[in-house]
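Worksheet for the structure shown next.
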Amino acid sequence: MSSTRPKLAVFKFASCDGCQLTLLDCEDELLALAGRIEIADFREASRRVVEGPFDLTLVEGSVTTPEDIPRLREIRANSRVLVTIGACATAGGIQGLRNFADVAEYQRVVYAHPEYIRSLATSTPIQDHVPVDFELRGCPISRAQLLEVISAYLGGRSPNVPRESVCVECKRRGTVCVVVAHGTPCLGPVTQTGCGAICPSFHRGCYGCFGPQDTSNAPALSQKLVQLGMDSPSLARFYRTFNANAPAFRAASDAARPSPSPEGA
């Protein structure tokens, strides 16, 4: 007998699996969710595979090999709603640093037989290749935000995920601004909230794990960081972390005129 419950599928491309593990970490919530949906394909959790089409598909990871593209297109064709989860899927991830360097040279240095490696010169987000219905950012993603997205699509509504900057979260927590108080470089003013502003609460600058906020003003932040004494190569590296290939962060790092050598990446 076929199930009438909505089908959920989870697929992985180039990534560390951390965002899939966030779903598994939901534990009690996941058990309750499992009663409302059919987990049709989730290799991180089970060998059981149910054929599509899928009502909701979560995709983790970036496109980094030639084989990824046809596989991704097949997944998109088999999914009613496709949601990308995590920095790799939404911005190319930490492996997006290859976009600033010579990948062929890296392969020659790292692998004894680079001729066996089939890799694209770039690491790109899922939306560069297929239409995406919603992007859930983070490295890793937020449990609460993930559950909100799944619940929203099961309920036939749009997800309610905050889009303000980390600075807003610092204000809510009563955290003193590390830039103003200590002169600590921080990406919080241009980064979307989602982590609860953890790093500033421990007197550390934000690393931009949730990617650029939609209305971020990176040039203004760069000017402030230069005033704090940051030189151009350091400023470029500051934007090149988990979301280095996100347009706003990439533009800011390119504007810093970093060294053209791979070491500058």
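The values are calculated or read from the model by the stated rules, or taken from the named source; none is laboratory data. Given the structure is predicted, the values throughout are model-derived calculations rather than measurements. No Cβ is skipped: glycine too gets one built from the backbone with ideal geometry, and neighbour counts run over all protein chains shown.
Data for the structure
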item	result
Test: residue in segment 154-165 that is crowded, with 20+ Cβ neighbours inside 10 Å and in a helix (DSSP H, G or I)	no
Count of segment 200-214 residues which are among the hydrophobic types (A, V, I, L, M, F, W, C) and surrounded by fewer than 22 Cβ atoms within 10 Å (Cβ to Cβ)	1
Considering residues of segment 215-246 that are closer than 18 Å to residue 123 by Cα and not small (Gly, Ala, Ser) only, the residue surrounded by the most Cβ atoms within 10 Å (Cβ to Cβ)	243
Any hit, segment 138-154, residues being more than 22 Å from the chain's Cα centre (by Cα) and among the small types (Gly, Ala, Ser)	no
Selection from segment 117-150 of residues that are assigned to a helix (DSSP H, G or I) and either outside the structural domain of residue 26 (by TED's automatic domain parsing) or β-branched (Val, Ile, Thr) (or both)	126, 149, 150
Qualifying strands (runs of 3 or more DSSP E) (wholly inside segment 1-93; at least 1 residues being closer than 22 Å to residue 157 by Cα and in contact (Cβ under 8 Å) with a residue 60 or more places away in the chain)	7-12, 54-60, 79-85
When residues of segment 11-36 are limited to those that are of a type in the set (A, V, I, L, M) and within 16 Å of residue 87 (Cα to Cα), the one surrounded by the fewest Cβ atoms within 10 Å (Cβ to Cβ)	21
Tally of residues being exposed (fewer than 14 other Cβ atoms within 10 Å of the Cβ) and either in contact (Cβ under 8 Å) with a residue 12 or more places away in the chain or farther than 19 Å from residue 223 by Cβ (or both) across segment 169-180	5
Single condition residue 19 does not satisfy, out of (1) more than 22 Å from the chain's Cα centre (by Cα); (2) under 21 Å from residue 132 (Cα atoms)	(1)
Members of segment 94-115 found to be out of contact with any Pro (no Cβ under 8 Å at 6 or more places or on another chain), farther than 23 Å from residue 213 by Cβ and part of a helix (DSSP H, G or I), listed by number	98, 103, 109, 110, 114, 115
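Yes/no per residue for (1) among the polar types (S, T, N, Q); (2) crowded, with 23+ Cβ neighbours inside 10 Å; (3) in contact with a Leu (Cβ under 9 Å, 6 or more places away or on another chain):
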{"site": "38", "(1), (2), (3)": "no, no, yes"}
{"site": "43", "(1), (2), (3)": "no, no, no"}
{"site": "47", "(1), (2), (3)": "no, no, no"}
{"site": "53", "(1), (2), (3)": "no, no, no"}
{"site": "70", "(1), (2), (3)": "no, no, no"}
{"site": "73", "(1), (2), (3)": "no, no, no"}
{"site": "82", "(1), (2), (3)": "no, yes, yes"}
{"site": "86", "(1), (2), (3)": "no, yes, yes"}
{"site": "90", "(1), (2), (3)": "yes, yes, yes"}
